[in-house]
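Data first, discussion second: the structure below is written as structure tokens.
Here, each number is a calculation from the coordinates, and none is a lab measurement. Since this is a predicted model, take the numbers as computed values, not measurements. Cβ sites come from the backbone with ideal geometry, for glycine too, and all protein chains shown count toward neighbours.
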Amino acid sequence: MKAVLRRIRISPKKANLVAGMVRGKKVNEALALLKFMPKKGAKTIYKVIHSAASNAKNNFKQNINDLFITKLLVTKGPTYKRSLPISRGRTHPIMKRTSHITVEVGVLKNETTTQRNNETTKKEATKKVTKKSVKKSEEKAKKTVEKSETKKPKTKEPKK
């Protein structure tokens with residue numbers, strides 16, 4: 001479930017600033033942020049995310065409320081080279097940079113099932129602790145305490 005926009009006339013650096021704000025967020029939250037963001041790249045990234053969400057809804061029968069942005073990639077596209085004429089027949093180069101924007105959206109896992117799985121793994125971990133393992137750990141702790149008590153701390157003698 002993805003959408004790609006290629007050769008858009010914005011520098012990758014400027015587009016990446018906007019992309020960093022919405023990476024990893026829910027689609028609805030990202031669209032709300034981008035709608036009111038006063039950056040040039042916000043409008044184009046809004047369109048790409050909206051397109052990816054629409055693709056997920058129409059092609060894969062997903063609910064838009066469950067979608068989040070799994071990958072938002074802004075890469076460098078071809079650079080259009082122009083020039084500005086200056087005195088003595090010379091020119092200053094002008095680089096018009098372009099970007100490729102790729103957005104992938106995915107479905108959030110159900111939080112209640114993950115919480116149940118975590119609880120069962122905790123119960124299993126506590127069951128694996130046996131009386132023998134507890135006794136061994138207590139014996140090791142006693143030995144380390146005895147060793148530390150027998151060693152005398154080194155103190156420096158004052159100079160005369």
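Observations
- Extension gain, Phe60 to Lys81, is 3.5 nm, computed as 0.36 nm per intervening residue step minus the present C-alpha separation.
- Distance from region 66-100 to region 29-60 (C-alpha centre basis), Å: 22
- Three principal axis lengths of region 2-113 [C-alpha, angstrom, descending]: 72, 26, 19
- About its Cα centre, region 2-113 has a charge dipole of approximately 880 debye under the convention of +1 per Lys or Arg Cβ and -1 per Asp or Glu Cβ, with nothing else charged.
- Members of Lys43/Lys109; Lys39/Lys81; Lys39/Lys71; Lys2/Lys57 lying beyond 18 Å, as alpha-carbon distances in this model show: Lys43/Lys109; Lys39/Lys81; Lys39/Lys71
- Pairs of alpha carbons in region 11-54 whose separation is greater than 16 Å (percent): 24
- 3J(HN,Hα) from dihedral phi, region 41-49, Karplus parametrisation 6.51/-1.76/1.60, rounded to Hz, x for glycine, proline: x, 5, 5, 5, 5, 4, 5, 5, 5
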